[in-house]
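Quick notes on the structure that follows.
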Amino acid sequence: MSIQFADIGIDENVDLSESNTNLRIDVLRLDKIHPVISGNKWFKLNKYLLKAKILDKKTVLTFGGAYSNHIIATAAACQLYGFKSIGIIRGEEPSLLSHTLQLAVGYGMQLKFISRDAYKTKSIEQEMRQDGSILIIPEGGYGFDGANGFTDIFKLVDLTEYTHICCAIGTGTMMAGTIKATTTLQEIIGIPVLKNFIGVNEAVNALLTKEEQAKKITYLHQYHFGGYANHNPSLIEFMNRFYTKNKIPTDFVYTGKLFFAIHDLVEKNYFSQGSKVLVIHSGGLQGNLSLPKEMLIY
Ligand SMILES: *Cc1c(COP(=O)(O)O)cnc(C)c1O
């Protein structure tokens, strides 16, 4: 079983600064893979679904919020590969489903809403946990299979020329997968989009070997804009400006914050002259549907 990678391309020399520095910034456009299931989720799911197939599972169950990119990607991938899917959704069932959940249902996913407290411990019915025909994928695809699935991207993309590789962090799975693909000479920069994600180091390290943990890994915690899915006018304005300049759309939950951070680092001369930076655009554009219509110009 393999997933068709539609259009994995790199945009070279993206303009992220007004000053004329001797710096090259490229963008890995995972957002272009598919209009809805864009980005890293597809890759993170791949190994889990392979496992489901090998173990002859009929159903895949996973967890997420009402705007979760992971939920929608799981629903779509399951439909494509012939699994039933169940989404355990955080919070009360709303009278009107979010765009994300509507799409997930459209892909055949069965939704079960659980209270925020029950969600915290991922408590689901005992029968479901013990049902041998169900494969359970952790929230966000977090785990070895998720990280290794993401690492596979770099069989298709040559990282060797880059001095820095940067990505957004939710669970840290993509960060771990990226670290696995890099050498000890490259710096990997992660931008957590959650507020005070103090456990990020542990979460990522848990998916790495000792050698991998010793690579040049940097976490920058000052770009979360108040926390997960929070935004303010300066973020939105930046995203619009970035789009005008580079014709690259970003999402307000992950990649908008990531590119804002990289722009800020460039302005502060974080990257030395001659650096070659690869920024991973991990997709997530469907999340922008939850913003008021006129907010973004794209
Ligand atoms: C889920 C997601 C992330 C975070 O990935 P993790 O592996 O959970 O850290 C980043 N960007 C986008 C667009 C996502 O949907």
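The values are calculated or read from the model by the stated rules, or taken from the named source; none is laboratory data. As the structure is a computational prediction, the values presented were derived from the model and not from experiment. Cβ sites come from the backbone with ideal geometry, for glycine too, and all protein chains shown count toward neighbours. Keep in mind that these areas ignore ligands, DNA and RNA; they rest on the heavy atoms of the full protein, side chains included. Shrake-Rupley method; radii C 1.70, N 1.55, O 1.52, S 1.80 Å.
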Notebook entry, point to check: So how many residues does region 125-154 have that are closer than 25 Å to residue 40 by Cβ and at pLDDT below 90?
Noted result: 0
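For residue 206, indicate whether it is open to solvent by 10 Å² or more (accessible area, probe 1.4 Å) and without any contact (Cβ under 8 Å) to a residue 60 or more places away in the chain. Quick ask: steps written out before the conclusion?
Working: open to solvent by 10 Å² or more (accessible area, probe 1.4 Å): yes; without any contact (Cβ under 8 Å) to a residue 60 or more places away in the chain: yes.
For residue 206, the condition - open to solvent by 10 Å² or more (accessible area, probe 1.4 Å) and without any contact (Cβ under 8 Å) to a residue 60 or more places away in the chain - is met.
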Note to self: Anything in region 125-146 that is at negative phi, in a helix (DSSP H, G or I) and within 16 Å of the ligand (Cβ to nearest atom)? List them, or say none.
What the structure shows: 139, 144, 145, 146
Next item on the list: Could you list, in sequence order, all residues of region 140-152 that are closer than 21 Å to residue 11 by Cα and crowded, with 23+ Cβ neighbours inside 10 Å?
Entry: 150
Next item on the list: Collect the residues in region 73-117 that are within 16 Å of the ligand (Cβ to nearest atom), among the polar types (S, T, N, Q) and buried (at least 20 other Cβ atoms within 10 Å of the Cβ), keeping them in residue-number order.
Entry: 74, 100
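Looking only at residues that are open to solvent by less than 20 Å² (accessible area, probe 1.4 Å) and in a helix (DSSP H, G or I) in region 50-72, which one is nearest to the ligand (Cβ to nearest atom)?
The qualifying residue nearest to the ligand (Cβ to nearest atom) is 70.
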Check: Does region 20-49 hold any residues that are more than 12 Å from the ligand (Cβ to nearest atom) and not in a strand (DSSP E or B), and which are they?
Finding: 20, 21, 22, 23, 32, 34, 35, 46, 47, 48, 49
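Would you please name the residue that is farthest from the ligand (Cβ to nearest atom), looking only at residues in region 185-198 that are of a type in the set (A, V, I, L, M) and open to solvent by 30 Å² or more (accessible area, probe 1.4 Å)?
Initially, region 185-198 is screened for residues of a type in the set (A, V, I, L, M), giving 185, 188-189, 191, 193-194, 198.
Next, only the ones that are open to solvent by 30 Å² or more (accessible area, probe 1.4 Å) stay: 185, 194, 198.
Numbers: 185: 23, 194: 10, 198: 15 Å.
Top of the filtered list is 185.
For region 104-116, give me each residue that is touching a strand residue (DSSP E or B) at 6+ places or on another chain (Cβ under 9 Å) and assigned to a helix (DSSP H, G or I). It would help to see each step written out before you state the result.
Just the residues of region 104-116 that are touching a strand residue (DSSP E or B) at 6+ places or on another chain (Cβ under 9 Å), to begin with: 104-105, 107-116.
104, 105, 116, listed by residue number.
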Checklist line | Condition broken by residue 297, with the remaining ones in (1) at pLDDT 95 or above; (2) surrounded by 13 or more Cβ atoms within 10 Å (Cβ to Cβ) satisfied | finding: (2)
Item checked: Flag if residue 75 is in contact with a strand residue (DSSP E or B) (Cβ under 6 Å, 6 or more places away or on another chain) and either in a helix (DSSP H, G or I) or at pLDDT below 85 (or both) -> yes
Check: Among the listed residues 256, 287, which satisfies the condition of being open to solvent by less than 40 Å² (accessible area, probe 1.4 Å) and either more than 13 Å from the ligand (Cβ to nearest atom) or more than 23 Å from residue 165 (Cα to Cα) (or both)?
Finding: 287
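Of the residues 240, 230, only one is modelled with pLDDT of 95 or more and within 16 Å of the ligand (Cβ to nearest atom); which?
Selected residue: 230, the only one of 240, 230 that is modelled with pLDDT of 95 or more and within 16 Å of the ligand (Cβ to nearest atom).
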Check: Taking region 149-160 as the region of interest, how many residues are more than 8 Å from the ligand (Cβ to nearest atom) and either assigned to a helix (DSSP H, G or I) or basic (Lys, Arg) (or both)?
Finding: 6
Next item on the list: Go through region 264-284 and count every residue that is more than 14 Å from the ligand (Cβ to nearest atom) and either open to solvent by less than 30 Å² (accessible area, probe 1.4 Å) or of a type in the set (Gly, Ala, Ser) (or both).
Entry: 8
Margin query: With away from the ligand (no atom under 15 Å from the Cβ) and closer than 29 Å to residue 50 by Cα as the only criterion, which of 178, 163, 182 stands out?
Written below: 182
